[in-house]
1. Quick one: is I32 at pLDDT below 90 and of a type outside the set (K, R)?
2. Checking N63 against (1) within 30 Å of Q98 (Cβ to Cβ); (2) open to solvent by 90 Å² or more (accessible area, probe 1.4 Å): exactly one of these is not met. Which one?
3. Going by the structure shown, is Q80 assigned to a helix (DSSP H, G or I) and in contact (Cβ under 8 Å) with a residue 24 or more places away in the chain?
4. Quick one: would you say E81 is open to solvent by 100 Å² or more (accessible area, probe 1.4 Å), at pLDDT 85 or above and of a type in the set (D, E)?
Amino acid sequence: METSENLWIAVAIALAVGFIVGIIVARLAPRISGGQSSNTQTQLESLQLRFEEYQQEVASHFNTTANLVTRLNRNYQDIQEHLGQAAVELAPDDMTRQRLLAALEQDNDPVASSRERVEPVFDTLEPPRDYATKSEDGPGMLSEEFGVKRK
């Protein structure tokens, strides 16, 4: 019976020692790996900051582009108005004035003017020929003697 009591005491002591070692390791583990975790956290925060800066740069770029396009459209309209006023004021007669204004209106519609400039391409094309030309007295391409030279 003493052996079984000694065995139970040894098991209880081993269990207690294991429990104490487990608590010590659990407390020290975050401190040891904390350096790696904080380094990873720092890298993550750095990447997040760079990504936010990039998003701000992209938004700024598109805002600037939109403003420049708006200004370009406004300048184009101002030029069209200036040319229209000059055509009215500087044209010597009514006929010339009407022709100038018609030309300005035609140039003002880029879709219509580009449609008029495009020539139809498909009217001049021929379908591909996938057959060989043959002479009147020669064999056809599907003939067994086609392309064979006899001595």
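The values are calculated or read from the model by the stated rules, or taken from the named source; none is laboratory data. Predicted model only: the values in this text are computed from it and were never measured. Neighbour counts run over all protein chains shown; Cβ positions are idealised from the backbone, glycine included. The area values use the complete protein model at the heavy-atom level, side chains included, leaving out ligands, DNA and RNA. Shrake-Rupley method; radii C 1.70, N 1.55, O 1.52, S 1.80 Å.
1. Working: at pLDDT below 90: yes; of a type outside the set (K, R): yes.
Answer is yes for this residue.
2. (1)
3. So Q80 passes the test.
4. yes
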